[in-house]
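S.K.: Dropping the structure in here first, questions after.
The values are calculated or read from the model by the stated rules, or taken from the named source; none is laboratory data. Not measured: the values here are computed from a predicted model. Side chains are part of the model used for accessible areas, which takes the heavy atoms of the whole protein and leaves out ligands, DNA and RNA. Shrake-Rupley method; radii C 1.70, N 1.55, O 1.52, S 1.80 Å.
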Amino acid sequence: MDGFLHATATFPAVLFSASLLVVVGFWLLVLLGAADPDSFDGDVDTDALSLGGVPVSVSASLLIALSWFFSVTGSLLLARTGWSDGVLHLLGAVLLFASLIGSWQLTRALVRPLAKLFPDEPGPSRQDFVGQTCTIRTGRVDADFGQAEVAARDGSTAVVQVRQNDQGPLALGSTGLLYAYDDVGEFFWVAPFDAALDPRG
């Protein structure tokens, strides 16, 4: 146990030990909902390192964790050789680069299957519904109350909150047009829709 702690606190593993603590802290914040796994996307070009296809936080976490593992394992093996401190320091520098290259190669291999879990296409946004027609699912719609069912472009449906001013009655089963979204109230403004006036018809 003492040998393990010594390996994590000495060069080269100590460089990755500090980074690993940051990684663990970041993922704890993600679990608590205080951080977003996509926080660093766009800040770093992982495609240049052949690590694209997954969020930067995922590829960086893998790279750091594997570098730490390789450097600690290498340090423990070197400590058993009994070589002089001068030789061990020289080999420590070699181990640093070997750990980085090895972890990069393994991370590159791991992100390929993981990329399937992170599709490039973003999910449907509420703004995508603006301009769409909907079917009213409540008995009335006014400035304080109302719900409607709207179909996304991928064929899925969602029940959304809708509101309207005095623009004509909207009752259960009638068709409305979602013409704006209120970010503060998290609802759509809806107006009566006449299919005969639809230019796409």
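S.K.: With every protein chain left in place and a probe of 1.4 Å, what is the accessible surface of ASP128, to the nearest 10 Å²?
M.R.: Approximately 60 Å² for this residue.
S.K.: A further question follows. Working with all protein chains in place, sort VAL162, VAL14 by solvent-accessible area computed with a 1.4 Å probe, largest first. Walk me through the numbers before you get to the answer.
M.R.: On the way: VAL162 0, VAL14 60 Å².
Sorted by accessible area, descending: VAL14, VAL162.
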